[in-house]
2 protein chains.
Amino acid sequence: MMARAEHKAGPDLREACLAEALVIISNAGVEKLSIREVARRIGVSHQAPYRHFASRNHLLAEIVRRAFADFAQALRGPAPTDDPAADALAMGFAYVQFAFAEPLKYRLMFGGTLPDPVDHPDMMQGARDAFDVLRNSLIRLYSARGQQPDRETIDREALFAWSSLHGVVSLMRTDAIGTLDLAPSARADFVAHALRQVGTALGINTSGQEPHRGSS
Amino acid sequence: MMARAEHKAGPDLREACLAEALVIISNAGVEKLSIREVARRIGVSHQAPYRHFASRNHLLAEIVRRAFADFAQALRGPAPTDDPAADALAMGFAYVQFAFAEPLKYRLMFGGTLPDPVDHPDMMQGARDAFDVLRNSLIRLYSARGQQPDRETIDREALFAWSSLHGVVSLMRTDAIGTLDLAPSARADFVAHALRQVGTALGINTSGQEPHRGSS
DNA sequence: CAATGGTGGTTGACAGTGTCAACTGATTGC
DNA sequence: GCAATCAGTTGACACTGTCAACCACCATTG
């Protein structure tokens with residue numbers, strides 16, 4: 001009688017799983033992601049996803065991998081002009097914008113609940129790509145000043161820039177910032193201000209824009 | 001025959017649970033923390049901890065609360081001298097040092113898997129305290145320069161400093177930094193360099209220490 | 001064409017989890 | 001002395017990930 005529900009999703013069950021997993025994560029958080037729930041929603045047996053993902057973490061790792069890839073792409077987004085300083089700032093904005101436009105992905109990438117990268121070597125490829133984008137932007141920046149810093153210097157500055165941006169976004173997203181009783185405008189300006197400060201530390205003087213406190 | 005194991009822990013079962021939970025978390029990560037495992041290790045029934053904690057998250061929230069309290073204490077640690085700039089830098093070091101000395105607690109606080117602060121109002125008290133410590137340090141810093149910035153400015157700068165430090169530590173801890181192929185010395189100097197850069201952005205010129213790149 | 005094997009799906013178990021409910025033994029206040 | 005409360009117990013229930021065995025189909029070969 002072949003009653004058995006007609007082998008639902010076809011060959012794209014893998015994609016369906018990934019899509020549904022994203023829905024779950026965005027609704028209930030990553031820790032609520034369960035393979036059984038994914039299967040249930042798709043209308044397929046609880047074991048079916050295991051044909052496509054060796055474990056829950058493998059499913060999650062694939063989602064994270066794509067998130068990193070998107071992230072790297074977003075950083076590559078602003079086409080380079082002939083002003084490396086402006087480009088660097090644009091990349092900073094792109095970073096923050098991505099974090100706000102795709103909070104889900106961002107949280108996935110930097111939220112700390114990643115599957116162990118050792119078990120999922122490809123997962124972090126996008127992270128490496130993104131870091132290269134940042135490195136290159138800094139190299140252009142230095143080179144426009146007639147400097148040719150060595151790799152250590154570049155890596156140091158890149159790490160600093162990245163970590164500052166990450167810290168900014170991270171504090172924004174953490175509930176920590178919600179529980180601090182901040183002056184309202186401070187919270188609003190926070191991102192722009194932090195970007196400006198990072199620029200300052202890297203020796204970019206935000207063109208035309210006078211720093212609003214007189215010192216230095 | 002009163003065989004029932006002699007009501008083990010006494011009134012400090014609560015403390016025993018917290019201690020054992022810390023062991024579990026440090027060995028296997030926070031997501032492996034389970035009330036049943038805690039109970040099992042202490043040698044008590046799987047339901048006993050519920051006398052002291054309404055749920056697994058309440059147990060976790062108490063651990064997090066103490067971690068934040070310790071953190072605030074660590075930031076208060078360096079006694080203020082008469083050099084606010086040096087004090088601010090010392091606080092930066094204290095921040096990073098805490099993160100390295102107590103990676104477990106730090107990960108708990110900023111790892112992103114916190115119980116919802118709305119359900120655990122006291123949990124973040126230490127975070128607010130720590131932020132106040134930072135605010136005060138900056139106020140002293142400005143005031144030593146003869147400035148009296150308003151609260152928005154202070155909050156902005158405090159957020160920037162905090163987020164940068166957090167970003168630094170966060171990248172250090174994330175496996176992300178492990179998967180980037182960095183110049184080795186860049187990784188080693190990273191923290192010191194970032195602290196210096198944050199100081200630069202805040203207008204602190206690290207005394208006697210010439211910035212190693214010539215510009216401005 | 002028939003046998004074969006892989007591929008994608010199924011059901012059924014098992015151990016582990018959080019948590020509700022009902023119970024028991026001791027301690028304590030009246 | 002006795003009721004109440006506290007601290008811990010056992011026993012369930014629903015949920016999870018994952019292993020194992022099974023089944024249906026499709027494409028391949030012989």
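The values are calculated or read from the model by the stated rules, or taken from the named source; none is laboratory data. Note that the structure is predicted; figures quoted are calculated from it, not measured. Cβ atoms come from the backbone with ideal geometry, glycine included; neighbour counts cover every protein chain shown. Areas reflect the complete protein model, heavy atoms only, side chains present, ligands, DNA and RNA absent. Shrake-Rupley method; radii C 1.70, N 1.55, O 1.52, S 1.80 Å.
Here are the numbers for this structure:
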{"item": "Shape call, the protein assembly as shown: gyration tensor on alpha carbons, a/c limit 1.5", "result": "oblate"}
{"item": "Label spacing, shortest first and in nm, from A:Gln73 to its equivalents in the remaining copies (7 angstrom along Cα→Cβ)", "result": "4.9"}
{"item": "Net dipole in debye of the protein assembly as shown [+1 Lys, Arg Cβ; -1 Asp, Glu Cβ; about Cα centre; nearest 20]", "result": "1080"}
{"item": "Shortest-first nm distances, B:Gln125 label point to equivalent points in other copies (7 Å, Cα→Cβ)", "result": "5.0"}
{"item": "Closest-to-axis residue of chain B (Cβ criterion, axis taking B to A), whole Å", "result": "B:Gly167, 1"}
{"item": "At least 24 Å along the helix axis (C-alpha) and Kyte average at least 0.0, DSSP helices within chain A", "result": "A:84-101, A:151-173, A:184-201"}
{"item": "Given charges at beta-carbon only (K, R positive; D, E negative), |dipole| of chain B in Debye", "result": "560"}
{"item": "Ratio Rg/Rh [Cα only; Rh per Kirkwood] for chain B", "result": "1.08"}
{"item": "Choice from B:Leu75, B:Leu182, B:Leu114 with maximal GNM fluctuation in chain B (Cα, 10 Å cutoff)", "result": "B:Leu182"}
{"item": "Label 7 Å beyond Cα on the Cβ vector: B:Glu37 copy-to-copy distances, nm", "result": "2.1"}
{"item": "Chain B, relative contact order in percent, only Cα pairs under 8 angstrom and at least six apart counted", "result": "17"}
{"item": "Rough spin-label spacing in nm, given labels placed 7 Å along Cα→Cβ, for B:Ala54 and A:Arg66", "result": "3.8"}
{"item": "Dimensionless Rg/Rh of segment A:10-53 - Kirkwood Rh, Rg from C-alpha atoms", "result": "0.94"}
{"item": "Eligible aspartates and glutamates near A:Lys105 by straight Cα distance, threshold 16 Å, same-chain separation 8 or greater", "result": "A:Glu20, A:Glu31, A:Glu62, A:Asp70"}
{"item": "With every protein chain in place, chain A: carbon and sulfur % of accessible area (1.4 Å)", "result": "52"}
{"item": "The protein assembly as shown - accessible surface per residue (Å², probe 1.4 Å)", "result": "49"}
{"item": "Summed buried accessible surface, chains B and A, 1.4 Å probe, nearest 100 Å²", "result": "4500"}
